[in-house]
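Asker: First, the structure itself, so that you have it in front of you.
The values are calculated or read from the model by the stated rules, or taken from the named source; none is laboratory data. Fair warning: this is a prediction, and the values are worked out from it, not measured in the lab. Counting neighbours? That spans all protein chains shown, and the Cβs are built from the backbone with ideal geometry, glycine included.
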Amino acid sequence: MKASDETIRKCEEAAARMRVNVLRLAHMTGSKGAHLGGCLSIIEIIAALYGGVLSLDPVNPKCKDRDRFILSKGNGSLAHYTALEAAHIISEEQLFTFGQNGGLLPGASSLNPELGIEYSNGTLGFGLSYGVGLALVSKKTANPYKVYVLLGDGECNEGSVWEAAMAAPHFNLSNLTAVVDMNSMQSDGKTCDVMNTHLENMWHGFGWDVITVDDGHSISQLLDALMHPCTELKPRAIIARTIKGKGVSFMENNNAWHHNSLSKELFDEAIAEISQAKRPA
Amino acid sequence: MIQINPSNIRVWSLLGQRSALGQVLLELARENEKVIVLTSDLEKTSGLDHFAKIFRERLINTGIAEQNMLGIAAAFATEDFIPFAISFANFSVLRACEPMRHFMGYMHRNVKLVGLSSGFANGLFGNTHYCMEDIAIVSAVPGIVIVSPADCTELAKAVEAVSTFSGPVYLRLTGIMNNPVVYRQNFDFELGKGIVLAKGTDITVLASGSMVYNSLQASEILEKQGISATVIDIHTIKPLDTITIDQEINSARLVVSVEEHAKTGGLGGAVAGHLCSLRHHPPLLRLGIEDKFQPAGDYHYMLEQNGLLPLQIAYAISQQFSSLT
């Protein structure tokens, strides 16, 4: 199956809006800051999922046969909130409560089915187990929803990820997709320096169907992978090569922006760069 | 309702809590289609053989992967199932500590986590398989009910009760095969409500799990020495039944907690925490597992090393009691 040009365009528009909102919200938090790098690397992945893949009802986010999206990499929560807003599941007003003390949209998201948030994240490595469970329920109850779990490449250091990775092929979970945001960086630096792994081989070795997306910021490449038909009774891992801090040159591949606050000056600079990029050549 | 009759009581007690669990869950599953069971490679050990034959589709074996078991169980709970997730207590609570906190505490999923063979029941397997810290750990996590049945009859009652209770529960199983019978017939079991098993005038013994029977035996020994004891089965350790405790310590000159768990952080710790909030209260003697790793041995030996056999419990109590006068 191929995504229509219309779908691609809509996802790209949503991604552009999301990227601006991530920066606005990060700036709004003042000195508290946000996980900017890891949010900007997953913008297109989440935009493609919400705009072209997930079957959801914005009016009834709890509807029984909805697809389930689990954000396992908690650092991406802010990006997820902006996707929920772009998909009209939460309002712009709700979105701008991000980071408020005691609010509904904390730095790492907290389970809230009414807002379309399926999972509490923050601690790494547990989302895939939960996704395996949801996919297993779908099979056992013949409720044909699909489950998508978004993980970070650094997150894949956690052993618990591999307990879940081991189980999914055993249970023939062809309704489960794990998307790995391979931005090649983690808190302490490059993933190859911190813990050098070979993720494609690992997922493949655990029995998953592996699809690599060379440009994890290309909506059409992402949709091609996400809509690739399952031919076997296997779960699918999509390894999306991304750039941490994507879209803002001073943030790209710069781990100072793993978590940081965004001054007015830098915010303006970032917005100017993004606006520039949006204009047709 | 799970049938509580002399035949079941006899069979379950022969099996002990660990293997009786599978029988009890089979009975429960027959009546409640939402009940599913997860285990990390302990089907046979938890007596689930028969369950597996009848309800293969409702038994999920995650392999030796307790963390994953918790995550999968939580998802089933979200989708309105009633999952019982089973491993040895040390793995259910210690290996899967953070998933327990995350899914049962923070996400408050309706998971019934079972810790098999807690305390010293794993005998010669040794210290990695003993569990003297589970109550301390689970009780520190907000929002999880902790239940430890006194015998297999109470296990059946507790399993039934937690299946209809909406919220995460840690079910702590103790003892070995030939689990002594405390409850010889059906009785009213209410989560969070202690059961007064013996009425006395001098001291009040609060016991949980395997130590309920041993405390009853100890109270009979004490009776002969002229010390009259109230014995209460505190099957629910969190939330603690402070109402019954307050009523029953009123006239007591000594309160005793007895548990097959570390003296710190378990029933004794919870009771101490409550007592010190009262203006006046009798002194508290806490009996339990010593605060050290000890050379391993069989079940009886380990209880003996920690002063938890009936005669030893009676002796410790009478020593303390006589020092009061």
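Asker: Based on what the data block shows, is residue B:252 modelled with pLDDT of 95 or more, over 20 Å from residue B:201 (Cα atoms), of a type in the set (A, V, I, L, M, F, W, C) and not in a strand (DSSP E or B)?
Answerer: No: the conditions fail for residue B:252.
Asker: With respect to residue A:128, determine if the residue is within 14 Å of chain B (Cβ to nearest Cβ), within 21 Å of residue A:222 (Cβ to Cβ), assigned to a helix (DSSP H, G or I) and touching a helix residue (DSSP H, G or I) at 6+ places or on another chain (Cβ under 7 Å).
Answerer: In short, yes.
Asker: Could I ask something else about it? Select from segment A:87-110 the residues that are surrounded by 16 or more Cβ atoms within 10 Å (Cβ to Cβ) and closer than 14 Å to residue A:24 by Cβ and write down the one among them that is modelled with the lowest pLDDT.
Answerer: Restricting to residues being surrounded by 16 or more Cβ atoms within 10 Å (Cβ to Cβ) and closer than 14 Å to residue A:24 by Cβ, the top hit is A:99.
Asker: Can you spot a residue in segment B:127-140 that is touching a Cys at 6+ places or on another chain (Cβ under 7 Å), closer than 17 Å to residue B:17 by Cα and surrounded by 24 or more Cβ atoms within 10 Å (Cβ to Cβ)?
Answerer: No: segment B:127-140 contains no residue that is touching a Cys at 6+ places or on another chain (Cβ under 7 Å), closer than 17 Å to residue B:17 by Cα and surrounded by 24 or more Cβ atoms within 10 Å (Cβ to Cβ).
Asker: Answer yes or no: is there a residue in segment A:252-260 that is farther than 21 Å from residue A:7 by Cβ, part of a helix (DSSP H, G or I) and touching a residue at least 60 places away in the same chain (Cβ under 8 Å).
Answerer: Yes, the conditions are met somewhere in segment A:252-260.
Asker: Go through segment B:77-98 and count every residue that is facing another protein chain (nearest Cβ under 10 Å) and out of contact with any helix residue (DSSP H, G or I) (no Cβ under 6 Å at 6 or more places or on another chain).
Answerer: 5
Asker: Which is more than 30 Å from residue B:31 (Cβ to Cβ), hydrophobic (A, V, I, L, M, F, W, C) and touching a residue at least 40 places away in the same chain (Cβ under 8 Å), of B:229, B:158, B:198?
Answerer: B:229
Asker: Restricting to segment B:153-188, name every residue that is touching a Lys or Arg at 6+ places or on another chain (Cβ under 9 Å), among the hydroxyl-bearing types (Ser, Thr, Tyr) and farther than 21 Å from residue B:140 by Cα.
Answerer: Across segment B:153-188, the qualifying residues are B:153, B:163, B:183.
Asker: Now, a different point. Does segment A:153-174 contain any residue that is hydroxyl-bearing (Ser, Thr, Tyr), closer than 15 Å to residue A:71 by Cβ and more than 13 Å from chain B (Cβ to nearest Cβ)?
Answerer: Within segment A:153-174, none of the residues are hydroxyl-bearing (Ser, Thr, Tyr), closer than 15 Å to residue A:71 by Cβ and more than 13 Å from chain B (Cβ to nearest Cβ).
Asker: Could you list, in sequence order, the residues of segment B:272-302 that are surrounded by fewer than 18 Cβ atoms within 10 Å (Cβ to Cβ), touching a strand residue (DSSP E or B) at 6+ places or on another chain (Cβ under 8 Å) and of a type in the set (A, V, I, L, M, F, W, C)?
Answerer: The one that is surrounded by fewer than 18 Cβ atoms within 10 Å (Cβ to Cβ), touching a strand residue (DSSP E or B) at 6+ places or on another chain (Cβ under 8 Å) and of a type in the set (A, V, I, L, M, F, W, C): B:272.
Asker: Ok, one more. From the list B:172, B:101, which residue is charged (D, E, K, R), under 30 Å from residue B:294 (Cβ atoms), within 13 Å of another protein chain (Cβ to nearest Cβ) and touching a residue at least 24 places away in the same chain (Cβ under 8 Å)?
Answerer: B:101
Asker: Check segment B:258-274 and report whether any residue there is of a type outside the set (Asp, Glu) and over 19 Å from the mean Cα position of the chain (by Cα).
Answerer: Yes, segment B:258-274 contains at least one residue that is of a type outside the set (Asp, Glu) and over 19 Å from the mean Cα position of the chain (by Cα).
Asker: Then there is this: Please give the number of the condition residue B:317 fails out of (1) touching a residue at least 12 places away in the same chain (Cβ under 8 Å); (2) under 20 Å from the mean Cα position of the chain (by Cα); (3) under 15 Å from residue B:214 (Cβ atoms).
Answerer: Only one criterion is unmet by residue B:317, namely (2).
Asker: Would you point out the residue of segment B:65-76, among those that are without any contact (Cβ under 8 Å) to a residue 40 or more places away in the chain and touching a strand residue (DSSP E or B) at 6+ places or on another chain (Cβ under 7 Å), that is nearest to the other protein chains (Cβ to nearest Cβ)?
Answerer: Step by step, filter segment B:65-76, then rank; the result is B:72.
Asker: Of all residues in segment B:104-125, how many are within 9 Å of chain A (Cβ to nearest Cβ) and either within 25 Å of residue B:299 (Cβ to Cβ) or not in a loop (DSSP other than H, G, I, E, B) (or both)?
Answerer: 1
Asker: Give the residues of segment B:63-89 that are touching an Asp or Glu at 6+ places or on another chain (Cβ under 8 Å) and buried (at least 24 other Cβ atoms within 10 Å of the Cβ), sorted by residue number.
Answerer: Scanning segment B:63-89 gives B:65, B:67, B:68, B:87, B:89.
Asker: While we're here: Where in segment A:1-116 are the helices (runs of 4 or more DSSP H), entirely inside, with at least 3 residues that are aliphatic (A, V, I, L, M)?
Answerer: Once the helices (runs of 4 or more DSSP H) in segment A:1-116 are filtered for at least 3 residues that are aliphatic (A, V, I, L, M), what remains is A:5-28, A:43-48, A:77-86.
Asker: For residue A:123, which of the numbered conditions (1) buried (at least 24 other Cβ atoms within 10 Å of the Cβ); (2) assigned to a loop (DSSP other than H, G, I, E, B); (3) within 8 Å of chain B (Cβ to nearest Cβ) fails to hold?
Answerer: (1)
Asker: Return the residues of segment A:131-174 that are assigned to a loop (DSSP other than H, G, I, E, B), touching a residue at least 40 places away in the same chain (Cβ under 8 Å) and in contact with a Leu (Cβ under 9 Å, 6 or more places away or on another chain); say none if nothing qualifies.
Answerer: If the condition is that a residue be assigned to a loop (DSSP other than H, G, I, E, B), touching a residue at least 40 places away in the same chain (Cβ under 8 Å) and in contact with a Leu (Cβ under 9 Å, 6 or more places away or on another chain), then A:145, A:146, A:153, A:154, A:172, A:173, A:174 are the ones that fit.
Asker: If you take the residues of segment B:172-217 that are charged (D, E, K, R) and within 24 Å of residue B:1 (Cα to Cα), which of them is surrounded by the fewest Cβ atoms within 10 Å (Cβ to Cβ)?
Answerer: Once the filter is applied, the top-ranked residue is B:188.
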